[in-house]
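Beneath this line is the structure, given in structure tokens, with notes to follow.
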Amino acid sequence: MSTKPIRVLVLTCSTRPGALGPTVTRWLTETIAPRAAELGAELVPVALDDLNLPFLDEEEPGVHRHEHTRRWSAIVGAADGIIAVTPEYNYGMPATLKNALDYLTREWAWKPIGFVSYGHTSAGTRSVQHAKQVVTTLRLVPLGATVAIRIGDGLRPDPARDRAGIGLLDELVRLAHALRPMRERSAAAPGPLPGSYVRPLTSDDASEVAVLQRCCWVDEALANDSLAIPALHESLEDVSDWLSAWHTTGVWRDGRLLGMVRARRTGADWHIGRLAVVPDLRGRGVGRWLLRAAEAAADPGCHRAELFTGAKSLHNIALYHSEGYQTMPPAGPEGTTTLAKPLR
Ligand SMILES: Cc1cc2nc3c(=O)[nH]c(=O)nc-3n(C[C@H](O)[C@H](O)[C@H](O)COP(=O)(O)O)c2cc1C
């Protein structure tokens, strides 16, 4: 799973002149900021009042013709989770929140939403119940944890309320991590196995990649009776460095990295390497699929794909031969076999 920080949108929903909402948001952000830093979460406060969204004026859901919609879409799209700071108006959520929700569709999907509500005797809880039935339609996932403030009590210091705010953030961040694969999958191309998806790997994936390559290249070490294999010796920083320099493809399912490959141009050749598949899913075509994906991504100026593998890695060599690679004079490190195939 990616280690990218979780971005939390803290949304002030009331827009009335003199509204209490900004004061509640200020209390919340000041209270939870230290925990957010511990959790590696970034708080992004946004007031609906500043966005000036008119009543929904887009013709078609998901098509953003207006600049205000594009701006709102970018804000929500970049978030991993939402905390709505909302009053209760007439036993329901404010129209401003409903309108802001209605503007967007896919931008909300598979993000956790927590509520900090406020009102009189009900402390805004009916507003939250109202909002919950709406947000689930958008694939937002409402938290169980909640903060409900009786405004008759004012906003005097209250350690119990502070703890509730921190508890809400904790649950939101956990859920945002857990739902990340759902968010990624809805934006990514399908992979070779049911439920899997494909995306380029980034430096944020270094820990997953390091685990996968150590696991896979131990098999190579055993097959070739050698520990002189670079993939076994790379630090997290090394992995992070090559992830940002090579063209990479990762196959994922439910947040687990199932397989990967990397490629880059070396002279006139397209150099392919680090083809790896988790042990329990070998023999299911994932490696072959990744190899073809790496070839398809070749720089147009390259006329040949080249790779090398352990000279005794017979299983790998059989796969490459079956994909049209031919054994070449050795060009890689000692103890390796070089294979190449014409491209296009
Ligand atoms: C239009 C309107 C409707 C309201 N309805 C309720 C309500 O149903 N329940 C409640 O507890 N408070 C209700 N209130 C009182 C609000 O909780 C209180 O005014 C609060 O400060 C509103 O939040 P805001 O200042 O951020 O707009 C209502 C206030 C307004 C302006």
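Numbers for the structure displayed
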quantity: Rounded to 5, percent antiparallel among DSSP beta bridges of the stretch 81-238; calculated: 20 percent
quantity: The stretch 112-238 - Kirkwood radius from inverse mean 1/r over Cα pairs (Å); calculated: 18.9 Å
quantity: GNM top mover of V46, V141, V209 - the chain, alpha-carbon springs below 10 Å; calculated: V46
quantity: Between helix 206-224 and the chain: long-axis angle, C-alpha atoms, 0 to 90°, nearest 10; calculated: 20 degrees
quantity: Degrees, to the nearest 10: 21-39 long Cα axis against longest axis of the chain; calculated: 30 degrees
quantity: Per-residue Cβ neighbour rank within 10 angstrom, fewest leading, V251, V173; calculated: V173, V251
quantity: Percentage, to the nearest whole number, of Cα pairs in the stretch 171-212 over 13 Å apart; calculated: 65 percent
quantity: Surface/4 of the Cα convex hull for the chain, nm²; calculated: 20.9 nm²
quantity: Nitroxide proxy distance, nm - points 7 Å out along Cα→Cβ at H303 and T137; calculated: 6.0 nm
quantity: Computed E for A33/R183 - FRET, C-beta separation, R0 25 angstrom, nearest 0.05; calculated: 0.55
quantity: Rounded to 5, percent antiparallel among DSSP beta bridges of the chain; calculated: 50 percent
quantity: The stretch 117-161 residues near the modelled A78 label - backbone nitrogen below 15 Å, point 7 Å along Cα→Cβ; calculated: none
quantity: Footprinting exposure proxy for F308, F55, F115 (fewest neighbouring C-beta atoms within 10 Å first); calculated: F55, F308, F115
quantity: 28 Å Cα cut-off, lysine pairs counted over the chain (separation 8 or more, or different chains); calculated: 6
quantity: Computed label-point distance, nm, for sites N52 and H233 using a 7 Å Cα→Cβ extension; calculated: 6.1 nm
quantity: With Cα atoms, 0 to 90° folded angle of helix 159-187 axis to the chain main axis; calculated: 40 degrees
quantity: Alpha carbon convex hull of the stretch 1-106, projected area averaged over orientations, nm²; calculated: 7.9 nm²
quantity: The chain, helix-only ellipticity at 222 nm - DSSP H runs n ≥ 4, -39,500 (n - 2.57), divided by all residues, nearest 500; calculated: -12500 deg cm²/dmol
quantity: Under-5 Å amide H pairs with G250, H placed in peptide plane, nonlocal only; calculated: R199, L201
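Every number in this text was worked out from the coordinates using simple rules, so none of it is lab data. Computed from a predicted model, the values in this text were never measured in an experiment. Glycine also receives a Cβ, built like all others from the backbone with ideal geometry; neighbour counts cover every protein chain displayed.
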